[in-house]
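The values are calculated or read from the model by the stated rules, or taken from the named source; none is laboratory data. Everything numeric here is computed off the predicted structure, so don't read it as measured data. Here the Cβ is made from the backbone with ideal geometry for all residues, glycine too, and neighbour counts use every protein chain on show. The area values use the complete protein model at the heavy-atom level, side chains included, leaving out ligands, DNA and RNA. Shrake-Rupley method; radii C 1.70, N 1.55, O 1.52, S 1.80 Å.
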Number of protein chains: 2
Amino acid sequence: MAIMRDIAELHEPEALARLVSYRIRLVQIAAYKTFEARVSGHGPAPRYYGMLKLIEANPGVPQARLAEAIFLDRSSLVPILQELEREGWLERRAAPQDRRVRRVFLTPEGAGRLVALERAVEEHEARLTAGLSAEDLETLHRLLLRLDDNLRDVQAGRV
Amino acid sequence: MAIMRDIAELHEPEALARLVSYRIRLVQIAAYKTFEARVSGHGPAPRYYGMLKLIEANPGVPQARLAEAIFLDRSSLVPILQELEREGWLERRAAPQDRRVRRVFLTPEGAGRLVALERAVEEHEARLTAGLSAEDLETLHRLLLRLDDNLRDVQAGRV
DNA sequence: TATTGTTATACTCTATAACTATA
DNA sequence: TATAGTTATAGAGTATAACAATA
């Protein structure tokens, strides 16, 4: 990184600055990079925090349902689960009633480690949302959920 | 895609649903995929729409400044610019006053094609933000910009 | 016939390191 | 010494296609 160089920022045209899709993309890229840079000591888990919380809340979820929930092809999920299983975060058990299925569970150790990871996530969240009032946060959630709904309509072909 | 299968959705725990970072990540992934799926006929340009608008607003920007603006290493930008140059969107000219620098400009053809692309972008934006009032949009922008500011503070080491 | 999990494979995107030419 | 652009290279992360097992 240069230190003494003149860093005149580029002009961001109004047609760009006005786009919610553009701003959300920039914020999410920066938030993700910041999170990965700040959180260490949890192995490969931080990037899968959301998935691990979903497994915790849905013990025994089949791999295919999990893949859908996080918008991944089920083949893409395989090496991820294999790594997290190898590292002791989760385990997979064959389902007796449908022997095609493997059900995913957190290990007790994984559940414990997830508590520590959650603290790091909450710290990151606090830095991200610093200065927002409780009302701001509620409004932001409401608006983001509306965007989410709109996108589901598009994906479902309803729009 | 299965059609008749039972698609019981996973339970999303409150600790996850409450996270702005989680919701923004999901929305941005879905928005980006929707955009890529819907916009065709513009070659490789759609994913670089933001960068092309920045070039348009900052004609002659050096490659290195452009890379910083979109959070890319300058080496990562090279093949992108080469492709867009090959496809006629932009051109690069050596800077006489500093012969290390190559200045980036839209071609007249690129500027024209960007108008058509912009229409597609605006349609996507309209689908994304459907149902939001003008006041909602203004609030959303204000809150997202605050998140952006917070992240810049973190990246600059001020937090 | 359809679904689940898996493998092999390839493609996209990105960063790092090393190089050159310039300043 | 530092910066700009480039190349070679490697590593993530992802999807597609094909397969066996099972429903």
Original post:
Can you give the FRET efficiency for residue A:133 and residue A:29, using 1/(1 + (r/R0)^6), R0 = 25 Å, r = Cβ-Cβ distance, to the nearest 0.05?
Top reply: 0.45
Subject >> Sparsely packed trypsin sites (Lys or Arg not before Pro) within segment A:41-109, loop by DSSP, other Cβ within 10 Å at most 14 >> reply: A:99, A:100
**OP:** Quick one: which residues, 5+ away or cross-chain, put their amide H under 5 Å from the amide H of residue A:103? H built at 1.01 Å from N.
**Re:** A:93, A:94, A:95
Original post:
When only C-alpha pairs under 8 Å and at least 6 residues apart count, what is the relative contact order of segment A:64-159, in percent?
Top reply: 13
Original post:
How much area per residue is accessible in segment B:102-159 when the probe is 1.4 Å and only protein heavy atoms are counted (Å²)?
Top reply: 52
**OP:** Name the nearest-to-axis residue of chain A, judged by Cβ distance to the rotation axis taking chain A onto chain B, and quote that distance in whole Å.
**Re:** A:28, 2
Subject >> Modelled FRET efficiency - R0 51 Å, residue A:158 with residue B:109, Cβ distances, 0.05 increments >> reply: 0.90
Subject >> Candidates per chymotrypsin sites (Phe, Trp or Tyr not before Pro) in segment B:67-159, loop by DSSP, up to 16 other Cβ within 10 Å >> reply: B:71
Original post:
For segment A:56-83 and segment B:94-132, what is the separation of their C-alpha centers, rounded to whole Å?
Top reply: 37
Subject >> About the Cα centre, charge dipole magnitude for segment A:17-131 (Lys/Arg +1, Asp/Glu -1 at Cβ), debye >> reply: 360
**OP:** Mind listing, in residue-number order, the residues in segment B:30-62 that have at least 20 Å² less accessible area with every protein chain present than in their own chain alone (1.4 Å probe)?
**Re:** B:30, B:32, B:33, B:34, B:38, B:49, B:50, B:53, B:54, B:57, B:58
**OP:** Determine which lysines satisfy two conditions relative to residue A:53: a Cα distance under 30 Å, and not lying fewer than 8 residues away in the same chain.
**Re:** A:33, B:33
